[in-house]
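Take a look at the structure below.
The values are calculated or read from the model by the stated rules, or taken from the named source; none is laboratory data. Here the structure is a predicted model, which means the values were calculated and not measured. Reconstructed Cβ throughout: ideal geometry from the backbone, glycine too, with neighbour counts over all protein chains shown.
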Amino acid sequence: MYCMSEFFFRNLKKTYPTVASAKGVRITDTDGRTYLDACSGAVVANLGHGVTEINDAISEQLSKIAFAHTTQFVSEAGLQLAKKVVQLTPEGFKEGARAYFMSGGSEAVETAIKMARSFFVHKGQNQRTVCLSRWQSYHGSTYGALSATGHPARRKPYVPMLRAPSHVGADYRYRCRCGFGPGACSKEECSIAAADELETAIVNAGPENVMAFIAEPIVGATLGAAVPGREYFPRIRAICDKYEVLLIADEVMTGLGRTGTTFGLNHFDVKPDIIALGKGMAAGYQPLAAVLGSGKVVKAFEDSNGVFEHGFTYSAHPVSCAAGLAAIEYVQSHNLIAKVAAREAEFFKRAEELLETGIIGDIRGKGFLMGLEFVKNLETKEPFPPEVRISQIVAQEAMKNGLLVYPGSGFIDGVNGDHIMVAPPFTITDAELDELFDLLKRTLVGVSNLY
């Protein structure tokens with residue numbers, strides 16, 4: 001059974017409900033069914049739906065001008081948003097920093113990689129072309145972003161078109177190389193060893209050829225909110241500094257409050273050179289993403305001809321910028337990042353009751369970004385057979401119960417591995433969180449009884 005329509009669905013053999021409306025953390029379809037959104041869409045709708053202040057800002061901007069091309073004009077909304085978001089960055093980054101806006105996370109990563117390349121072109125180091133990244137990562141679906149992505153299944157159809165892999169391992173603590181188990185490894189020497197793979201890769205590629213290393217501070221869609229060890233990113237920063245390689249933080253999912261801090265790298269007291277933002281930047285009210293270049297990066301352009309040979313038709317779209325500005329101001333005025341941090345412990349404590357189902361090997365994450373990894377055997381960490389598609393079954397059963405979660409699979413080796421992410425809007429109430437975990441427990445109990 002599949003939907004007959006002119007619409008090109010992500011899966012043409014699957015039927016999707018038609019959305020009708022939404023308010024707060026709830027979405028209603030045209031059949032009248034209501035769903036509690038436990039994953040903010042794709043970790044996008046950080047503020048829930050129907051925020052009057054953001055809707056009003058969009059309407060006000062539309063009444064002025066909807067579109068202006070950045071080769072001709074800049075909008076007040078764009079200027080204000082750039083100032084606002086740069087002010088959020090750490091000391092040592094923000095001095096002289098600038099923001100470049102686009103429509104989505106893939107565009108942001110593409111832009112970040114090209115900004116890194118342009119930085120070295122302006123400095124006369126044209127031989128630097130290699131962008132290193134990690135396996136078990138996701139950076140986007142455009143050509144450059146997918147080349148950087150380390151998820152074998154997502155890459156597979158396009159491998160002949162992509163640049164040759166330049167990937168190192170991730171600090172995946174639940175399945176640490178040391179073989180620790182059951183449970184997740186907590187040895188910092190293992191995290192340092194994982195980080196040292198970057199130095200080996202730089203030396204092998206030739207330091208003079210490497211321009212950047214890109215990483216998610218907390219791995220999102222691929223590994224399901226996998227948090228590295230405390231010493232991992234400080235070591236990464238030191239290695240990048242040693243070889244004059246730019247550090248790009250892919251904060252598309254983790255940025256602007258999702259993990260209880262403004263930026264995910266703040267957890268590790270590390271400053272990158274370039275930051276990619278997206279998803280929650282305008283909280284889904286308009287398509288919006290950004291790349292923030294540190295003062296160090298911007299200066300290379302300013303000391304040369306000032307040109308960044310890059311752009312999109314909808315770069316710095318005035319309505320999107322107005323939505324983004326209103327969303328960030330809403331987060332600030334309601335102190336939502338601090339509230340997410342304060343609620344983190346209770347959020348994860350509630351998840352512990354899910355361990356009773358016997359199919360969860362690891363609960364991980366930070367803030368309101370939680371990953372649940374499913375395993376067939378808790379002691380050996382044996383995953384469910386890929387043909388079972390346990391994460392998809394959990395997501396489907398959750399939806400039948402009126403709950404939306406974010407499934408992922410194939411992250412161990414491109415075939416095996418299943419998880420879901422739970423990432424509700426920052427505005428979810430305590431009563432709604434109770435309902436979320438009640439529905440999730442009911443779902444997992446039902447699935448565990450079958451498998």
- [ ] Would you check which residues across segment 386-427 are under 15 Å from A38 (Cα atoms) and assigned to a loop (DSSP other than H, G, I, E, B) and list them?
- [x] N401, G402, V405, A423, P424, P425, F426, T427
TODO: Answer with yes or no whether G260 is assigned by TED's automatic domain parsing to the domain that holds A145, closer than 30 Å to T427 by Cα, of a type in the set (G, A, S) and at pLDDT 95 or above.
DONE: yes
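When you scan segment 1-102 for strands (runs of 3 or more DSSP E) that lie fully inside it, which ones turn up with 3 or more residues that are surrounded by 15 or more Cβ atoms within 10 Å (Cβ to Cβ)?
Here the list reads 26-29, 34-37, 98-102.
Go through segment 245-262 and give me each residue that's touching a residue at least 40 places away in the same chain (Cβ under 8 Å) and of a type in the set (D, E, K, R). Lay out the reasoning, then the answer.
First, the residues of segment 245-262 that are touching a residue at least 40 places away in the same chain (Cβ under 8 Å): 245-246, 248, 250, 252-254, 256-262.
Once the filter is applied, which keeps residues that are touching a residue at least 40 places away in the same chain (Cβ under 8 Å) and of a type in the set (D, E, K, R), segment 245-262 yields D250, R258.
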Task: Members of segment 263-278 that are free of Cβ contacts under 8 Å to residues at least 60 places away in the same chain and either surrounded by fewer than 24 Cβ atoms within 10 Å (Cβ to Cβ) or assigned by TED's automatic domain parsing to the domain that holds P424 (or both) - done: F268, D269, V270
- [ ] Take the residues in segment 428-451 that are hydroxyl-bearing (S, T, Y) and in a helix (DSSP H, G or I), then tell me which one is surrounded by the most Cβ atoms within 10 Å (Cβ to Cβ).
- [x] T443
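Given the criterion aliphatic (A, V, I, L, M) and loosely packed, with under 15 Cβ neighbours inside 10 Å, identify the matching residue among A322, A351, A342.
On the way: A322 fails: loosely packed, with under 15 Cβ neighbours inside 10 Å; A351 fails: loosely packed, with under 15 Cβ neighbours inside 10 Å.
Just one listed residue meets the conditions, A342.
Considering only residues that are aliphatic (A, V, I, L, M) and at pLDDT below 95, look in segment 397-445 and name the one that is nearest to R173 (Cα to Cα).
To start, the set of residues in segment 397-445 that are aliphatic (A, V, I, L, M) comprises 398-399, 403-405, 412, 415, 420-423, 428, 431, 433, 436, 439-440, 444-445.
Right, trim to at pLDDT below 95 and you get 412, 415.
On the way: I412: 12, V415: 19 Å.
Across segment 397-445, the extreme among qualifying residues is I412.
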Task: Selection from segment 1-55 of residues that are closer than 30 Å to L277 by Cα, touching a Pro at 6+ places or on another chain (Cβ under 8 Å) and among the acidic types (D, E) - done: D29, D37
Open item on the list: So, in segment 69-90, how many residues would count as being touching a residue at least 24 places away in the same chain (Cβ under 8 Å) and over 10 Å from L325 (Cβ atoms)?
Closed with: 9
Open item on the list: I want to confirm something. Restricting to segment 103-127 and keeping residues that are under 13 Å from L292 (Cβ atoms) and in contact with a Leu (Cβ under 8 Å, 6 or more places away or on another chain), which single residue is surrounded by the most Cβ atoms within 10 Å (Cβ to Cβ)?
Closed with: A108
TODO: Would you be able to tell me the number of residues in segment 137-178 that are touching a Pro at 6+ places or on another chain (Cβ under 9 Å) and touching a residue at least 24 places away in the same chain (Cβ under 8 Å)?
DONE: 5
Open item on the list: Looking only at residues that are surrounded by 15 or more Cβ atoms within 10 Å (Cβ to Cβ) and over 24 Å from the mean Cα position of the chain (by Cα) in segment 161-189, which one is nearest to F120 (Cα to Cα)?
Closed with: F180
